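The values are calculated or read from the model by the stated rules, or taken from the named source; none is laboratory data. On a predicted model such as this, the values are computed, not experimentally measured, just so you know. Because the Cβ atoms are built from the backbone with ideal geometry, glycine has one as well, and the counts that use them run over all protein chains shown. Ligands, DNA and RNA are excluded from the accessible area calculation, which covers all protein heavy atoms including side chains. Shrake-Rupley method; radii C 1.70, N 1.55, O 1.52, S 1.80 Å.
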Amino acid sequence: MKHTAELIVRSYECDSYGHVNNAVYLNYLEYGRMEFLHAINFDFKGITNAGYYLYVTHVDIYYKASAFLDDKLFIEVYPTKLKAVSGVFHQVIKKADGTICAEADVTWACVTKEGKPTKMPQEFMVPELIPDSNEG
């Protein structure tokens, strides 16, 4: 399942060159993933209360074009890999005209509250976390 979140670039996200600072794109990716989890009714609070966390373990990001103040951005998110204790989301940040600003593969892992990798409890698995071979 592909999900798209929207946002407008705010002034404090821009650097002295007038475009979105490269570190801010990581926040945009986080926002997009959380919106995806909300959209698929993933019980994020429930898994945390049960003593498990979803950690980002690796981000491959490619910056392709600048975004500027007041640009409307669309953050696409879809799962591309799911293993026993981890998975990967592919994310694309686009402007309204379709220009790709950044593209990333974000690897996550389920861990215990002690930080030990563990299989995600079955009660938190939702079908939308399983990659769709038609996405991409």
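Under 8 Å between Cβ atoms, at least 6 apart or on separate chains: pull out the pairs that start in the stretch 38-55 with a residue that is farther than 20 Å from K2 by Cα and end on any residue that is basic (K, R) and in a strand (DSSP E or B).
Within 8 Å, no pair qualifies.
Which number in (1) under 18 Å from the mean Cα position of the chain (by Cα); (2) part of a loop (DSSP other than H, G, I, E, B) marks the one condition that L26 misses?
The number of the failed condition is (2).
For the stretch 76-92, does any single residue satisfy the condition of being open to solvent by 50 Å² or more (accessible area, probe 1.4 Å), out of contact with any Lys or Arg (no Cβ under 6 Å at 6 or more places or on another chain) and within 22 Å of V20 (Cα to Cα)?
Looking for residues that are open to solvent by 50 Å² or more (accessible area, probe 1.4 Å), out of contact with any Lys or Arg (no Cβ under 6 Å at 6 or more places or on another chain) and within 22 Å of V20 (Cα to Cα), one finds none in the stretch 76-92, hence no.
Within the stretch 77-136, track down each residue that is polar (S, T, N, Q) and either in contact with a Leu (Cβ under 6 Å, 6 or more places away or on another chain) or touching a residue at least 60 places away in the same chain (Cβ under 8 Å) (or both).
Q91, T112, T118
Filter the stretch 1-55 down to residues that are in contact with a Gly (Cβ under 9 Å, 6 or more places away or on another chain) and of a type in the set (V, I, T), then give me how many there are.
Of the residues in the stretch 1-55, 1 are in contact with a Gly (Cβ under 9 Å, 6 or more places away or on another chain) and of a type in the set (V, I, T).
I'd like the residue in the stretch 40-65 that is part of a loop (DSSP other than H, G, I, E, B) and open to solvent by 50 Å² or more (accessible area, probe 1.4 Å) and, out of all such residues, is farthest from P117 (Cα to Cα).
The qualifying residue farthest from P117 (Cα to Cα) is K64.
Condition (residue is in contact (Cβ under 8 Å) with a residue 12 or more places away in the chain, closer than 15 Å to M125 by Cα, open to solvent by 60 Å² or more (accessible area, probe 1.4 Å) and not in a loop (DSSP other than H, G, I, E, B)) applied to the stretch 6-21: is it met by at least one residue?
Checked against the condition, which is being in contact (Cβ under 8 Å) with a residue 12 or more places away in the chain, closer than 15 Å to M125 by Cα, open to solvent by 60 Å² or more (accessible area, probe 1.4 Å) and not in a loop (DSSP other than H, G, I, E, B), the stretch 6-21 yields no hits at all.
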